[in-house]
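Report on the following structure.
The values are calculated or read from the model by the stated rules, or taken from the named source; none is laboratory data. Keep in mind the model is a prediction, meaning the values are calculated, not measured. In this analysis, Cβ positions are derived from the backbone assuming ideal geometry, glycine residues included, and neighbour counts consider all displayed protein chains. For the accessible areas, the whole protein counts, side chains as well, though only heavy atoms, and no ligand, DNA or RNA atoms are used. Shrake-Rupley method; radii C 1.70, N 1.55, O 1.52, S 1.80 Å.
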Amino acid sequence: VILGGGHAKVEEAGGDLIVGVDVGGTNSSVGIVDGEGKILAQARFPTQAGDPAETYVGRLVGVMRELHGRLQGAPPLQAVAIAAPAANSREGVVESPANFSWGRINLVAMVKRAMDLPVSIINDGNAAALGEARYGVASGMTNILIITLGTGLGAGIVLDGRLVQGHTSAAGEFGHMALVPGGRQCACGERGCAETYISAPGLRRTVFELLAERVDESPLRRISFDELTAEMVARFARDGDAVANAAFEKTGDYLGRLLASLVAAFDPEAIVLCGGLVNAGDLLVSPARRSLSEHVLERCRGVKLLVSGLKEGQAAILGASWLARETLQGAVSA
Ligand SMILES: [Zn+2]
């Protein structure tokens, strides 16, 4: 368990505590959130998505209890709010997320059994959208798209101030929009999905494609596919490696093209990028911005491309917790 995040004084905690969870393909984050949207304590642990869901829930419950135990004198937890990929908020289930070996499971029922608290679940992209719209760089805006770039490509849509979830809570699964006809095999079964190019694994695939096409020397030639991480590619790019830089150029170009299509569909005021891959900063964002302005509809040229100021997992934790609190208070029906 990697523990991090600032520990605010519990006496300053406003209102009841909710424990928020962001289930990521690589890491999961847990945060205890007070009524004002302050994260009092946060922890991160490897998801190990190849393990059975029961094993995962056991570890998750351990981390939640440990984290709450660290806040001495803290009020009891009121609810658990989960943000997960492929989550169906109405049924409480996770629908066989790509990159996980879980299949279709009722994660809400499993966590409820262990914690004996109200448990809610929301698609991770939607949770991040709510978090950014309430507490992040897009706070106050009513038309925004949040794009999460990590193991996959997730998204959330806020239009006219409302979260758009769709019939099966799958709205915003932009990672599975067709980007390249007949392109790379995706974990969902289709070919050419956006996330096979625009994600951390997509970047690694692009690196290996470029290495095969080119003959120039690069330290990347001595690293295996399994060893290579997006952070390593970013480091090599900053050190001036041409292949690493070309991989980010290509990824950013794909991202800009995808965003231009999304702008045509939703006409947002801003697009917020978050997730681990965005730690690469301008390596990714500059080519994306260039490509977006090249391909975007003329009348939507004013759309802002922003980078989240929240730390990994925080937008989703804050968004899921906010929704759970509103639901507890009867303010919204989820
Ligand atoms: Zn797909």
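Given the criteria in contact with a Gly (Cβ under 9 Å, 6 or more places away or on another chain) and either surrounded by fewer than 24 Cβ atoms within 10 Å (Cβ to Cβ) or assigned to a loop (DSSP other than H, G, I, E, B) (or both), does Thr151 qualify?
Numbers: in contact with a Gly (Cβ under 9 Å, 6 or more places away or on another chain): yes; either surrounded by fewer than 24 Cβ atoms within 10 Å (Cβ to Cβ) or assigned to a loop (DSSP other than H, G, I, E, B) (or both): yes.
Considered against the rule, which asks whether it is in contact with a Gly (Cβ under 9 Å, 6 or more places away or on another chain) and either surrounded by fewer than 24 Cβ atoms within 10 Å (Cβ to Cβ) or assigned to a loop (DSSP other than H, G, I, E, B) (or both), Thr151 comes out as yes.
Do any residues in the range 172-184 that are without any contact (Cβ under 8 Å) to a residue 12 or more places away in the chain have Cβ atoms under 9 Å from those of residues that are open to solvent by less than 40 Å² (accessible area, probe 1.4 Å) and within 10 Å of the ligand (Cβ to nearest atom), where the two are at least six apart or on different chains, and which pairs are they?
Hits for this filter: Pro181/Gly192; Gly182/Gly192.
In the range 178-191, what count of residues is obtained for those that are more than 9 Å from the ligand (Cβ to nearest atom) and surrounded by 15 or more Cβ atoms within 10 Å (Cβ to Cβ)?
Total meeting the criteria: 3.
Mind counting the residues in the range 281-306 that are buried (at least 16 other Cβ atoms within 10 Å of the Cβ) and over 12 Å from Glu249 (Cα atoms)?
Adding up the residues that qualify gives 6.
Being more than 15 Å from Phe248 (Cβ to Cβ), away from the ligand (no atom under 16 Å from the Cβ) and assigned to a helix (DSSP H, G or I) is the filter; apply it to the range 192-228 and report the residue that is most open to solvent (accessible area, probe 1.4 Å).
Arg222
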